[in-house]
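J.: Sharing a structure here in structure tokens format.
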Amino acid sequence: MPEKAELMKDSEDVEDFGSPTKKPRLIKYNMLRLFNFIAIFAICFMPKLCDSDFYESMVRLISTSLGGFAIFLGAQSSSYGSFSMLTKIGIYLGDISYSVYLVHWPVVILAKYLMIFDSISLWQILAFIFGISMIQYHLFEKPLLHQSSKMTFAVCGIIYGLLVLTLCQPQSFGYVRVTHPAVAANQQIAAQCNQLEMNKNCNWDPEMLQVAPKPTKSAAYFCSYNGTGKATVFFTGNSYALRQLAGVKKALEGKYKTLYFAARPACLTFETFNEGYEKYWQCDEIFNKTVAFLEKFKPDLLIISQKLSGNNNFKKPLSSTEAYLQDKATLEVARYFQMFSSFTQKIFFIEPHPTCSFNPALTLAKEIAQEKNITNHNLELKSIRNQVDPGWLRIKAAMKDCPKCVALDVRNDYVENGKYAVSDRISKLSLFCDNNHLSPPGVERMLPTLKKSFNQALMELNL
């Protein structure tokens, strides 16, 4: 009888919750839930504001506190009557959240090991994680909750035993001991591919910003660097230039007074070829700006480094030298070279390197750990010619009537045993940081060629 009375009392409380006196509590509760959700969402997706350890610790502390508050609010939800569909979805996500926590990291590590991030998007990986988490929750975790304590402890003991056995018998479980230093070094090369030096030391040159506004696009820069030499240098290009800046500065060490740097991903220095590019790249911001920069600074050397094979105007191979000379894209590039020549003494164009169909840095790290022969990944020269030459031969043809222009052929710096090397033979370090860009060791390979050409030009100019 008392139990019946208690149930009736609870039922009355639930039904009575819609009364005017209790509605403010429900509104306050829902506002707290909404605020907490917005705060968690904001702290997860806001841009990084600072690199200090204190900042990172505070972000983690706040996010953990918000998570704890969310759990507290969830525990109070039973006091507020029946649940809406949205609330039920939230409760279900909460139920599987620990399963997601357990599953996500092994899946991420496996995806990294199999190198499938290059072919599968993040959203597909997330769907995979949630799918496995739901299966694990319904087939294992939820049924286990209804078992006896003895059964639960027995299952946990078996799992821990398997983990200990995995650690004690590494070879039986496919674990490979990492001993070669190139394994960690190549993983670091891959991890730091987008950590550009300009992120830390770009001064956003005020004179350059008079010509073009500070870009809102990420990885786009207008910087200048002071040196101890006499020459004024202007270095420009797309994402290739972003990764090669350190090498160009090293090749010109002690030779330049000021080195101006302007680069952004995808966009070509020959701006008319950027027409049709997605607005995402914001190439329209730099239309006609290269000539404006050159006219303002009148550099002794203009250095260009950029990928060409991504632009349709530079993809099609032609049958003869004459065909390249008469090609529409060649003539347009020649027009740009003539404009540039009015404001500089020498124009250098660095030969574009190839793009790989795989991520060399991660592939090498994996295969060095497995003691495999990594030279098998070196690229066939025929594929290099098919990919690079259509654009490169157009550039060289456009230089025919440009006495100030110099084509810097760097391909031979990477050729070993008739193939294009993707790793250093001795150190086993990757020459690429991803499938599309040179790593610092890769840039080092071309330095002798760059130094020789730059020094010769500066000697001719008495600089």
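J.: Going through the range 262-279 one residue at a time, which ones are without any contact (Cβ under 8 Å) to a residue 60 or more places away in the chain and not small (Gly, Ala, Ser)?
T.: Arg264, Pro265, Cys267, Leu268, Glu271, Phe273, Asn274, Glu275, Tyr277, Glu278, Lys279
J.: Which one of these does Tyr240 not meet: (1) closer than 21 Å to Tyr280 by Cα; (2) modelled with pLDDT of 90 or more; (3) not in a helix (DSSP H, G or I)?
T.: In the conditions (1) closer than 21 Å to Tyr280 by Cα; (2) modelled with pLDDT of 90 or more; (3) not in a helix (DSSP H, G or I), Tyr240 misses (3) alone.
J.: Of the residues Asn378, Asn373, which is under 24 Å from the mean Cα position of the chain (by Cα), surrounded by fewer than 21 Cβ atoms within 10 Å (Cβ to Cβ) and polar (S, T, N, Q)?
T.: Step by step, each of Asn378, Asn373 is checked, and only Asn378 is under 24 Å from the mean Cα position of the chain (by Cα), surrounded by fewer than 21 Cβ atoms within 10 Å (Cβ to Cβ) and polar (S, T, N, Q).
J.: While we're on this one: Could you look through the range 181-219, keep only residues that are touching an Asp or Glu at 6+ places or on another chain (Cβ under 8 Å) and closer than 30 Å to Pro360 by Cβ, and pick out the one that is surrounded by the most Cβ atoms within 10 Å (Cβ to Cβ)?
T.: That would be Ala190.
J.: Same structure, new question: Across the range 47-105, which residue is modelled with the lowest pLDDT among those that are part of a helix (DSSP H, G or I) and acidic (Asp, Glu)?
T.: Asp95
J.: Taking Thr272 as meeting all but one of (1) buried (at least 19 other Cβ atoms within 10 Å of the Cβ); (2) in a helix (DSSP H, G or I); (3) among the polar types (S, T, N, Q), write down the number of the exception.
T.: (1)
Yes/no matrix, rows are residues, columns are (1) in a loop (DSSP other than H, G, I, E, B); (2) within 30 Å of Ile426 (Cβ to Cβ); (3) at pLDDT 85 or above:
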{"position": "Ile116", "(1), (2), (3)": "yes, no, no"}
{"position": "Gln124", "(1), (2), (3)": "no, no, no"}
{"position": "Gly157", "(1), (2), (3)": "no, no, yes"}
{"position": "Val178", "(1), (2), (3)": "yes, yes, no"}
{"position": "Val183", "(1), (2), (3)": "no, yes, yes"}
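J.: State yes or no: is Leu447 closer than 20 Å to Lys382 by Cβ and surrounded by 15 or more Cβ atoms within 10 Å (Cβ to Cβ)?
T.: No, not satisfied.
J.: Report yes if some residue within the range 297-318 is more than 22 Å from the chain's Cα centre (by Cα), free of Cβ contacts under 8 Å to residues at least 12 places away in the same chain and not in a helix (DSSP H, G or I); otherwise report no.
T.: The answer is no; no qualifying residue exists.
J.: Looking only at the range 394-409, which residues are surrounded by fewer than 21 Cβ atoms within 10 Å (Cβ to Cβ) and in a helix (DSSP H, G or I)?
T.: Passing the criteria: only Lys396.
The values are calculated or read from the model by the stated rules, or taken from the named source; none is laboratory data. Because the structure is a prediction, the values reported are computed rather than measured. Here the Cβ is made from the backbone with ideal geometry for all residues, glycine too, and neighbour counts use every protein chain on show.
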